[in-house]
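Engineer: Submitted below is the structure of interest, expressed as structure tokens.
The values are calculated or read from the model by the stated rules, or taken from the named source; none is laboratory data. Not measured: the values here are computed from a predicted model. Counting neighbours? That spans all protein chains shown, and the Cβs are built from the backbone with ideal geometry, glycine included. Quick note on the areas: whole protein, heavy atoms, side chains included, nothing else; ligands and nucleic acids left out. Shrake-Rupley method; radii C 1.70, N 1.55, O 1.52, S 1.80 Å.
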Amino acid sequence: MSVNLSVPSVTADYAQRVADDLSANRGEQERVRSELDRLQDELVRLEESEQVLTKMQDVLGGAPKQTAKQGKSRKTAAVPAARRSNAKTAAGKPGAAGGRKAPKKSASTKKPGEATWLELTTAYLGGQAEPRSAAEVSASLTEAHPERAVQVTVVRNALEQGVAQGLLERSKQGRSVFYSPAAAVSAPSDS
């Protein structure tokens, strides 16, 4: 008889526990929904504030606008910024990855008809008797082309591009890297 009495009490205990868990679950859902609503309202206020600030920046002649708005849909707002920016890139959508600003263009960008940095660096090195470092090349290009903003990193990238294309050769001496024109490859002779 004790077995028959314990079965209904165990069932009742489980039923009560499930009812309590269900009630707690629904309460937690309601709390999360209200927090989500609050965050969505805050996001809308921030987006509106961004629009106002962007317009003010345009009027004042500030920095250029970003090319893509981040977090436009409410679903993307729930995803951390790093994954969201990767998803945009993977989908082929243009955007500033991770909220980074686009690099500023220098005032003295290449004009139509001007030589590229690769052309300038290879021409300079072609007239040199010995290899030169990126710093030496950029210093010489600064003297030769005062109208263009010469940056060592841009010159180094152009030099590395020349190496990749087989126009230039790279040599290391200790921790220093030197560049020179690629040696002319002689055509195999038929003897």
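Engineer: Within a Cβ distance under 14 Å of Ser176, other residues only, what is the Lys/Arg minus Asp/Glu net charge? Show your work: numbers first, answer last.
Structural biologist: Values: positive: Arg132, Arg156, Arg170, Lys172, Arg175; negative: Glu130, Glu136.
Overall, the nearby charge balance is +3.
Engineer: Shifting gears a bit: Using modelled backbone amide H atoms (1.01 Å from N, in-plane), which distant-in-sequence or interchain residues come within less than 5 Å of Ala182's amide H?
Structural biologist: Leu168, Glu169
Engineer: Mind grabbing the accessible area of Thr11 for me, 1.4 Å probe, Å², rounded to tens?
Structural biologist: 80
Engineer: Which of the trypsin sites (Lys or Arg not before Pro) found in the stretch 130-159 are loop residues per DSSP with 15 or fewer other Cβ atoms within 10 Å of their Cβ? Working shown, then result.
Structural biologist: Working: sites: Arg132, Arg148, Arg156; in loops: Arg148.
In loop regions of the stretch 130-159 (DSSP not H, G, I, E or B), there are no sparsely surrounded trypsin sites (Lys or Arg not before Pro).
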